[in-house]
């Protein structure tokens, strides 16, 4: 087999892989637009049911994650201060600590870590729940009641997860900054009010807005990807775990991609 | 004679290139009953699902109260399903929802009723099937017969114009079978619900149907209930099943 034909085979494999990935992304975009269209078309139906489902989702994704978010946020804040101080001391400038906290936590780590926690906790649960409902024909039962399953099941989860992620991000940032301040006070004898003044000077409206924009995108990505994979489960129970696993991997990849894109747009 | 509630013309179905049945034709008026005896049984389930709009036929035409399958878009399809009751072997309840929410799902969604208001509407069927005191439990806490009755209650609560049943007595003991038989007859007489029942025991075909559709060897043959003789049909079905079992064991 010549080098030319080997190259052709390799190119073919890569090409087919790219086309498959592109098709998957288009499928997900199509699913998202289906959710939006059912949300508008059936907006007068099932208000009580869908509102209750959305609130339940906010409670499960947001309120029940507070403890976990709080622990991780405090540790991350402390870690940034410890590492930041070590590096800044080397260059002889500890005044940049507040800037570091802003740049690292509020702009990048906060949104991304919040998304990771929500994807692991809520996203996997959503993918598995929808997968089993598909396999056990519960979706079919819903359809036979004249109810579009996307409107009853997908839309409340999409709204609930997105709202929860945005609220959790704010909580993460506040707790993380607080944790960082506390670590600086205890370890470095830097009073919190001094850091707070520096932070207020450094923190811009753009930083807050970028964080919320990222959280909005991450919430939509997590819910759409996990719902999409769950609804695509086949007829066997064994289809569900690989779908959930694939959903999590896709959540991480798309979240990181969007994170880079949004940061590039706003900060370059 | 008005527009048929359900009209099938030369319905055929092919699965992955393999033709399963063809030439199925029948018209059903309000209050009429059709029994479908299918060999093999899953052809009957497929026909029932075609009538319920869950599967599209690969040939022929089907219409519901004059609405043709080809002309129906998604919003109309979902409206149509509100008027069709479907219970087949694979019918299930939503596992993470209470019995009351399962049975009144359609009422709560389409009419924006609260749980309490929906329960008032569903009270008759829940009480009749002995489910009222279990209305706050999850389906997993009920017996298989209880779950099956809950599925029937869910379909009856929406007052369907067409009731499609497949293996109607699956998971039901004799007492519940009689309860169900009376309930189906009551709703048929009460609001003129048309009835299609697939995969019933041949001996019950005459009491359950005005007409019998025999789906065998890939073709449909419709007989009046009086013309239909269950004994030769049951014998030939048993023989076919034995032959099939012998072929599989030797293969």
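Where a number appears in this text, it was derived from the coordinates with a stated rule and is not lab data. The model shown is predicted, which means the values in this text are computed figures rather than measured ones. Neighbour counts are summed over all protein chains in view; Cβ atoms, including those assigned to glycine, are modelled from backbone coordinates with ideal geometry.
Which Rg and Dmax, in Å, describe the Cα atoms of the stretch B:28-79?
12.2, 34
Considering just Cα atoms, how many Å³ per residue does the convex hull of chain B enclose?
150
Over chain B, what is the relative contact order in percent, taking alpha-carbon pairs closer than 8 angstrom and at least six residues apart? Spell out each step's value before the answer.
Working: 417 pairs, mean separation 70.8, N = 251.
Relative contact order for chain B comes out at 28 percent.
Give the span of the stretch B:103-163's Cα atoms along each principal axis, as three whole-Å numbers ordered largest to smallest.
Result for the stretch B:103-163: principal-axis Cα extents of 30, 27, 18 Å.
For the residues A:113, B:107, B:164, what sequence is obtained by ranking on other C-beta atoms within 10 Å, fewest first?
A:113, B:107, B:164
What FRET efficiency, computed as 1/(1 + (r/R0)^6) with R0 = 35 Å and r the Cβ-Cβ distance, is obtained for residue A:193 and residue A:66, rounded to the nearest 0.05?
Rounded to the nearest 0.05, the efficiency is 0.85.
What order do you get for A:81, A:104 when you list them from fewest to most C-beta neighbours inside 10 Å? Walk me through the numbers on the way to the answer.
On the way: A:81 26, A:104 19.
In order of increasing Cβ crowding within 10 Å: A:104, A:81.
Starting from the alpha-carbon convex hull of the stretch B:12-150, give the projected area averaged over all orientations, in nm².
Values: hull surface 41.8 nm².
Average projection, Cα convex hull of the stretch B:12-150: 10.4 nm².
Using only the Cα atoms of the stretch A:55-267, build the gyration tensor, take square roots of its eigenvalues as a ≥ b ≥ c, and label the shape rounded, prolate or oblate: rounded if a/c is under 1.5, else prolate if a/b is larger than b/c, else oblate.
Working: a/c = 2.73, a/b = 2.69, b/c = 1.01.
Cα axes put the stretch A:55-267 in the prolate bin.
How do A:55, A:169 rank when sorted from fewest to most other Cβ atoms within 10 Å of their own Cβ?
Result, fewest neighbours first: A:55, A:169.
Return the equivalent ellipsoid semi-axes of the protein assembly as shown as a descending list in whole Å, where each equals the square root of 5 times an eigenvalue of the C-alpha gyration tensor.
Values: eigenvalues 663, 152, 74 Å².
In descending order, the three semi-axes are 58, 28, 19 Å.
So how tilted is helix A:155-188 from the main axis of chain A? Cα-based, degrees 0 to 90, rounded to 10.
It works out to around 20 degrees.
Among A:69, A:106, A:40, whose mean-square fluctuation peaks in a Gaussian network model of chain A (Cα, cutoff 10 Å)?
For chain A, modelled as a Gaussian network with Cα springs under 10 Å, the answer is A:40.
Between residue A:43 and residue B:242, what FRET efficiency comes out of the Förster formula 1/(1 + (r/R0)^6) with R0 = 35 Å and r the beta carbon distance, rounded to 0.05? Don't jump to the answer; show the numbers that get you there.
Details: r = 57 Å, r/R0 = 1.63.
The value I calculate is 0.05.
Output the 0 to 90 degree angle, nearest 10, between the alpha-carbon long axis of helix B:115-128 and the longest principal axis computed from the alpha carbons of chain B.
Helix B:115-128 sits at roughly 50 degrees to that axis.
Quote to one decimal, in nm, the extra length available between residue B:171 and residue B:124 on full extension: 0.36 nm per residue of separation minus the C-alpha distance between them. Could you put the intermediate results ahead of the total?
On the way: separation 47, 0.36 × 47 = 16.92 nm, distance 2.21 nm.
Extra length available between residue B:171 and residue B:124 comes to 14.7 nm.
Which length gain, in nm to one decimal place, applies between residue A:79 and residue A:56 when the Cα-Cα distance is subtracted from 0.36 nm times their residue separation? Working shown, then result.
Values: separation 23, 0.36 × 23 = 8.28 nm, distance 3.35 nm.
The residue A:79-residue A:56 span can extend by a further 4.9 nm.
Which FRET efficiency, nearest 0.05, do residue B:41 and residue A:18 yield, Cβ-Cβ r, R0 60 Å? Walk me through the numbers on the way to the answer.
Details: r = 46 Å, r/R0 = 0.76.
FRET efficiency, residue B:41 to residue A:18: 0.85.
Rank A:57, A:87, A:145 by mean-square fluctuation in a GNM of chain A with C-alpha springs under 10 angstrom and give only the top-ranked residue.
For chain A, modelled as a Gaussian network with Cα springs under 10 Å, the answer is A:145.
Given a cut-off of under 8 Å on Cα pairs at least six residues apart, what relative contact order in percent is computed for the stretch A:55-267?
Numbers: 279 pairs, mean separation 77.5, N = 213.
Over the stretch A:55-267, the number comes to 36 percent.
Per the Cauchy relation, a quarter of the hull surface: what is the mean projected area of the convex hull of the alpha carbons in the stretch B:112-205, in nm²? Write out the running numbers ahead of the final one.
Working: hull surface 26.4 nm².
Here the figure is 6.6 nm², rounded to one decimal.
So what's the gap between the Cα centers of the stretch A:98-153 and the stretch B:21-44, to the nearest angstrom?
Rounded to whole Å, the Cα centres lie 43 Å apart.
Taking the simple approach of a point 7 Å from Cα along Cα-to-Cβ for both residue B:9 and residue B:226, what is their distance in nm?
About 2.9 nm, to one decimal.
Measure nothing fancy, just the Cα-based angle from helix A:47-61's long axis to the longest principal axis of chain A, in degrees from 0 to 90, nearest 10.
Between the helix axis and the principal axis of chain A, the angle is about 50 degrees.
Whole Å is fine, so just give me how far the alpha carbon centre of the stretch A:55-82 lies from that of the stretch A:232-268.
The stretch A:55-82 and the stretch A:232-268 have Cα centres separated by 21 Å.
For every helix of n ≥ 4 consecutive DSSP H residues, a contribution of -39,500 (n - 2.57) applies; sum these over the protein assembly as shown, divide by its total residues, and give [θ] at 222 nm rounded to the nearest 500 deg cm²/dmol.
Numbers: 20 runs with 313 residues, N = 519.
Rounded to the nearest 500, the figure is -20000 deg cm²/dmol.
Work out the P(r) tail for the stretch A:1-138: percent of alpha carbon pairs separated by more than 19 Å, whole number.
Working: 6988 of 9453 pairs.
For the stretch A:1-138, the fraction of Cα-Cα distances above 19 Å is 74 percent.
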